[in-house]
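Since every read-out is calculated from the coordinates, none of them should be taken as a lab result. Just so we're clear, the structure is a prediction, and the values are computed from it rather than from any experiment. Reconstructed Cβ throughout: ideal geometry from the backbone, glycine too, with neighbour counts over all protein chains shown.
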């Protein structure tokens, strides 16, 4: 099985290295990732100027563009014949309405639109004052991929996966199939002398019981099937 790996945190991000360490268990991998961080760019694509691509080494390309650009170039030119696109592991959750803003999710969505099954993977951060445990994430992503590779996606569908960040390191989360929470962030701004500064608290966002935000915040792995066609 061949995989194309990308992300929105940039080609040197630790989450991408972690994903590579897991994906290699299933076969050949090619990395086509942004040269620099592209968090929050959503599904933006580059069509007004050439996109430069740096070859870092065999099977590893740094793209001066967005995650959606990486998915397009990777699937159409740099790694044709790829069987799955894996995007992540994002340093931070992509839950609920985040799917519209996330570059991580956009890369998976672009793959699905091009007819390639895809998974977007993100690691929720409960506390910003402690580092993410990428070794733990690798173990959980292995379980996730074992599960999703055994499922059937309809044309245009892809998976959005969010790993929890429990306070107890001994917790073994469940894999929970769930829908995407339709609620919004706890949006708040503070007026400052230089403009309005966003002050929304991610942890205080809307939680519909049983949907992805609630599942992940409750300490389990949220796995959501997302359709690009209606």
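What shape does segment 1-44 have by the C-alpha gyration tensor, where a ≥ b ≥ c are the square roots of the eigenvalues, rounded means a/c under 1.5, and otherwise prolate means a/b greater than b/c and oblate the rest?
prolate
As an exercise, take the mean of 1/r over every pair of distinct alpha carbons in segment 88-230, invert it, and state the Kirkwood radius in angstroms.
15.8 Å
Compute the length gained on full extension between residue 191 and residue 138: take 0.36 nm times their separation in residues and subtract their Cα-Cα distance, giving the result in nm to one decimal.
15.0 nm
Tell me whether segment 5-104 comes out rounded, prolate or oblate; compute the Cα gyration tensor, take square roots of the eigenvalues as a ≥ b ≥ c, and use a/c under 1.5 as the rounded threshold.
oblate
Once every DSSP H run of n ≥ 4 in the chain is given -39500 (n - 2.57) and the sum is divided by its residues, what mean residue ellipticity at 222 nm do you get, rounded to the nearest 500 deg cm²/dmol? Walk me through the numbers before you get to the answer.
On the way: 5 runs with 49 residues, N = 230.
About -6000 deg cm²/dmol.
At 7 Å along Cα-to-Cβ for each site, give me the label-to-label distance between residue 168 and residue 2 in nm.
4.5 nm
Mind giving me the nanometre distance, one decimal, between the label points for residue 184 and residue 146, set 7 Å out from Cα along Cα→Cβ?
Using points 7 Å along Cα→Cβ, the separation is 4.2 nm.
To make sure I understand, if each residue's beta carbon is the centre and we count other beta carbons within 10 Å, what order do 51, 226 fall in, fewest to most?
Ascending Cβ contact count within 10 Å gives the list 51, 226.
Would you give the gap between the C-alpha center of segment 175-190 and the C-alpha center of segment 43-76, rounded to a whole Å?
Going from one Cα centre to the other spans 30 Å.
Ranked highest first by the average count of other Cβ atoms within 10 Å around their residues, in what order do 192-201, 117-126 fall?
Numbers: 192-201: 8.5, 117-126: 24.7.
Ranking, from highest mean packing down: 117-126, 192-201.
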